[in-house]
Amino acid sequence: MIDEKIEPFYDEVVRRNPGHPEFHQAAREVLETLGPVLAKYPEFAEHKILERLCEPERQLIFRVAWQDDRGEVQINRGFRVEFNSALGPYKGGLRFHPSVNLGIMKFLGFEQVFKNSLTGMPIGGGKGGSNFDPKGRSDQEVMRFCQSFMTELHRHLGEHTDVPAGDTGVGTREIGYLFGQYKRITNRYESGVLTGKGLEWGGARVRTEATGYGTVFFAEEMLKARGEGLDGKHCLVSGSGNVAIYAIEKAQQLGATVIACSDSEGVVHDPDGVDVELLKQVKDVERARISEYAQRRNSARFLRGSNIWEIPCDVALPCATQNELTGADADKLIAGGCRTVAEGANMPTTREGVQAFLGAGVAFGPGKAANAGGVATSALEMQQNASRDRWTFEHTEDRLAEIMRDIHRLCAQTADEFGAPGNYVTGANIAGFLRVGRAMVAHGLI
Ligand code: NAP
């Protein structure tokens with residue numbers, strides 16, 4: 001329920017952002033939890049911090065024209081939503097996927113503001129991308145698209161201004177082409193302008209693994225708080241992209257068995273435990289579909305068009321996309337014995353799904369806390385770029401694990417303080433809000 005003082009303001013968010021349901025959903029989920037904060041700290045209402053937080057500082061939309069391999073001209077749309085810079089330069093990934101539109105960018109940028117705040121690092125929030133689909137495109141086509149995209153975007157970026165990273169459809173290959181074009185246009189080797197770079201040219205160790213690993217570290221902390229651990233647990237991990245692959249790897253390193261993963265075409269059920277090296281070979285090296293994985297592994301079956309959440313498990317890690325886990329899915333997971341959910345993706349659980357998990361006492365880690373390890377490690381990459389330093393894998397992974405423990409502790413303590421013990425949604429929203437809100441008050445009316 002939204003506090004009655006906040007309700008009119010939420011209505012205004014809906015009115016001002018017509019046709020952007022994902023943004024409404026993300027804003028509502030945060031606003032629902034902030035009533036007690038406004039009651040305790042009236043200065044936030046006085047300075048209209050909530051209203052200002054829901055309005056991006058800047059929204060860019062631009063044309064991206066490029067030529068495909070047949071010589072045909074293609075036109076896509078590029079976006080960058082620079083949401084909030086109270087805590088540092090805008091920071092957040094670029095997504096290349098046909099579903100990208102301004103509403104999706106706003107929801108992701110809004111979530112990013114709170115997530116980045118929770119990391120405790122000096123980074124503001126933003127998000128960008130394009131409706132370009134890299135799937136099935138040649139390297140040359142992806143390069144030409146990235147060069148055209150950066151030719152417009154570069155004027156808005158800078159290591160102290162706006163620092164994009166990867167997200168769905170944007171990995172090291174795309175970051176390489178984007179970085180190369182930025183360097184060429186500006187005549188500057190500004191390493192800190194993009195994160196997720198290759199290891200030979202300014203990238204940080206563990207950045208590739210960080211979001212998936214961090215999600216698992218967060219799940220492990222939630223389990224520890226209940227006197228348990230991942231060892232011996234059966235897990236589901238949806239998706240088979242960057243976040244999913246490294247969530248599977250870390251969960252299995254910690255003793256869990258990941259019995260299924262998925263893509264948008266279906267589910268791989270592998271009761272012996274997913275062979276993560278084979279999965280990497282199929283997805284990262286060959287850029288093939290997961291049906292190919294099932295063909296090469298005796299213990300696995302590919303279930304085309306099936307729903308991963310119908311498989312009973314102890315722990316569920318949604319790592320694919322927004323709103324992939326509905327209220328009905330949550331009911332099935334609960335009935336199947338699932339007691340722990342950590343979101344590797346951004347807002348993968350619908351509002352009904354979240355309510356079902358919280359109502360059943362499931363330990364539920366929302367994405368803005370559970371998947372913050374990716375952006376936190378991006379901030380570590382920026383630190384290394386600024387000091388021309390290079391850390392070892394072990395040191396960086398230790399830092400990531402420590403950051404995830406701190407985020408878990410902060411969310412749990414804040415939930416306790418505001419009368420919602422065990423509710424990580426409330427804890428994450430309030431803790432994330434307080435740091436940004438205080439900085440905004442300190443900076444005056446801008
Ligand atoms: P990715 O590498 O592009 O992988 C996305 C995966 O999800 C693919 O396997 C894709 O399958 C699958 N997928 C998409 N829609 C699906 C659906 N409806 N059902 C089942 N599977 C589906 O992207 P990613 O970087 O892993 O990002 C995944 C999520 O994590 C996104 O929400 C992203 O915003 C979030 N996230 C990412 C990072 C990061 O560092 N990368 C950080 C924080 C949060 P297809 O190949 O069939 O499309």
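Please tell me if S291 is outside any helix (DSSP H, G or I), within 25 Å of G136 (Cα to Cα) and within 16 Å of the ligand (Cβ to nearest atom). Please lay out each step first, then the result.
Numbers: outside any helix (DSSP H, G or I): no; within 25 Å of G136 (Cα to Cα): yes; within 16 Å of the ligand (Cβ to nearest atom): yes.
For S291, the condition - outside any helix (DSSP H, G or I), within 25 Å of G136 (Cα to Cα) and within 16 Å of the ligand (Cβ to nearest atom) - is not met.
Name every residue in the range 131-166 that is among the aliphatic types (A, V, I, L, M), under 23 Å from the mean Cα position of the chain (by Cα), under 20 Å from T186 (Cβ atoms) and not in a loop (DSSP other than H, G, I, E, B), in order of residue number.
Going residue by residue through the range 131-166, those that are among the aliphatic types (A, V, I, L, M) are 142-143, 150, 153, 157, 163, 165.
When the remaining residues are screened for being under 23 Å from the mean Cα position of the chain (by Cα), the result is 142, 150, 153, 157, 163, 165.
The next check asks that each one be under 20 Å from T186 (Cβ atoms); those that pass are 150, 153, 157, 163, 165.
Correct list: M150, L153, V163, A165.
Of R63, R80, R70, which residue is exposed (fewer than 15 other Cβ atoms within 10 Å of the Cβ) and within 17 Å of R155 (Cα to Cα)? I'd like the intermediate steps shown before the answer.
On the way: R80 fails: exposed (fewer than 15 other Cβ atoms within 10 Å of the Cβ); R70 fails: within 17 Å of R155 (Cα to Cα).
Exactly one residue qualifies, and that residue is R63.
Going residue by residue through the range 14-24, is there one that turns out to be crowded, with 18+ Cβ neighbours inside 10 Å and either touching a strand residue (DSSP E or B) at 6+ places or on another chain (Cβ under 6 Å) or in a loop (DSSP other than H, G, I, E, B) (or both)? Give the derivation first.
In the first step, residues of the range 14-24 are kept if they are crowded, with 18+ Cβ neighbours inside 10 Å; the result is 17, 20, 22-24.
From what is left, the residues that are either touching a strand residue (DSSP E or B) at 6+ places or on another chain (Cβ under 6 Å) or in a loop (DSSP other than H, G, I, E, B) (or both) are 17, 20.
Checking the range 14-24: at least one residue is crowded, with 18+ Cβ neighbours inside 10 Å and either touching a strand residue (DSSP E or B) at 6+ places or on another chain (Cβ under 6 Å) or in a loop (DSSP other than H, G, I, E, B) (or both).
Kindly indicate whether any position in the range 215-235 is free of Cβ contacts under 8 Å to residues at least 24 places away in the same chain, among the small types (G, A, S), more than 16 Å from the ligand (Cβ to nearest atom) and surrounded by fewer than 19 Cβ atoms within 10 Å (Cβ to Cβ).
Yes: the range 215-235 contains one or more residues that are free of Cβ contacts under 8 Å to residues at least 24 places away in the same chain, among the small types (G, A, S), more than 16 Å from the ligand (Cβ to nearest atom) and surrounded by fewer than 19 Cβ atoms within 10 Å (Cβ to Cβ).
Looking for whichever is of a type in the set (S, T, N, Q) and closer than 23 Å to H269 by Cβ here; the options are T340, T396, T392. Which one fits? Walk me through it before giving the result.
Values: T396 fails: closer than 23 Å to H269 by Cβ; T392 fails: closer than 23 Å to H269 by Cβ.
Only one candidate passes the filter, namely T340.
Yes or no, residue by residue, for (1) hydroxyl-bearing (S, T, Y); (2) in contact (Cβ under 8 Å) with a residue 40 or more places away in the chain; (3) in a loop (DSSP other than H, G, I, E, B):
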position: S306; (1), (2), (3): yes, yes, yes
position: A330; (1), (2), (3): no, no, no
position: Q355; (1), (2), (3): no, no, no
position: G361; (1), (2), (3): no, yes, yes
position: K368; (1), (2), (3): no, yes, no
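Taking the range 242-271 as the search range and keeping residues that are within 8 Å of the ligand (Cβ to nearest atom) and surrounded by fewer than 21 Cβ atoms within 10 Å (Cβ to Cβ), which one is nearest to P312 (Cα to Cα)?
Among those residues, the one meeting the criterion is D263.
Of these, R188, R205, which one is away from the ligand (no atom under 16 Å from the Cβ), touching a Phe, Trp or Tyr at 6+ places or on another chain (Cβ under 9 Å) and part of a loop (DSSP other than H, G, I, E, B)? Break it down stepwise before answering.
Numbers: R205 fails: away from the ligand (no atom under 16 Å from the Cβ).
Of the residues listed, the single one that is away from the ligand (no atom under 16 Å from the Cβ), touching a Phe, Trp or Tyr at 6+ places or on another chain (Cβ under 9 Å) and part of a loop (DSSP other than H, G, I, E, B) is R188.
Restricting attention to the range 213-270, and to residues there that are part of a loop (DSSP other than H, G, I, E, B) and touching a His at 6+ places or on another chain (Cβ under 9 Å), which single residue is nearest to P98 (Cα to Cα)? Working first, answer last.
Initially, the range 213-270 is screened for residues part of a loop (DSSP other than H, G, I, E, B), giving 225-233, 239-241, 254-256, 264-265, 270.
Then keep just the ones that are touching a His at 6+ places or on another chain (Cβ under 9 Å); that gives 225, 256.
Details: A225: 40, A256: 34 Å.
Within the range 213-270, the match that is nearest to P98 (Cα to Cα) is A256.
Exactly one of (1) surrounded by fewer than 18 Cβ atoms within 10 Å (Cβ to Cβ); (2) in contact with a Pro (Cβ under 9 Å, 6 or more places away or on another chain); (3) under 30 Å from G203 (Cβ atoms) is unmet by A428. Its number?
(1)
Restricting the search to the range 306-323, which residues are crowded, with 19+ Cβ neighbours inside 10 Å and not β-branched (V, I, T)?
Hits for the range 306-323 are W309, C313, D314, A316, L317, P318, C319, A320, Q322.
Having 2 or more residues that are within 11 Å of the ligand (Cβ to nearest atom) is the bar; report the strands (runs of 3 or more DSSP E) wholly within the range 56-119 that clear it.
On the way: elements: 58-67, 73-84, 90-96.
Filter on the range 56-119 gives 90-96.
Throughout, read-outs are computed from the coordinates displayed, never taken from laboratory work. It should be emphasised that the depicted structure is a prediction, and the values quoted were computed from it without experimental measurement. Methodologically, a virtual Cβ is constructed for each residue, glycine included, from the backbone with ideal geometry; neighbour enumeration extends over all protein chains shown.
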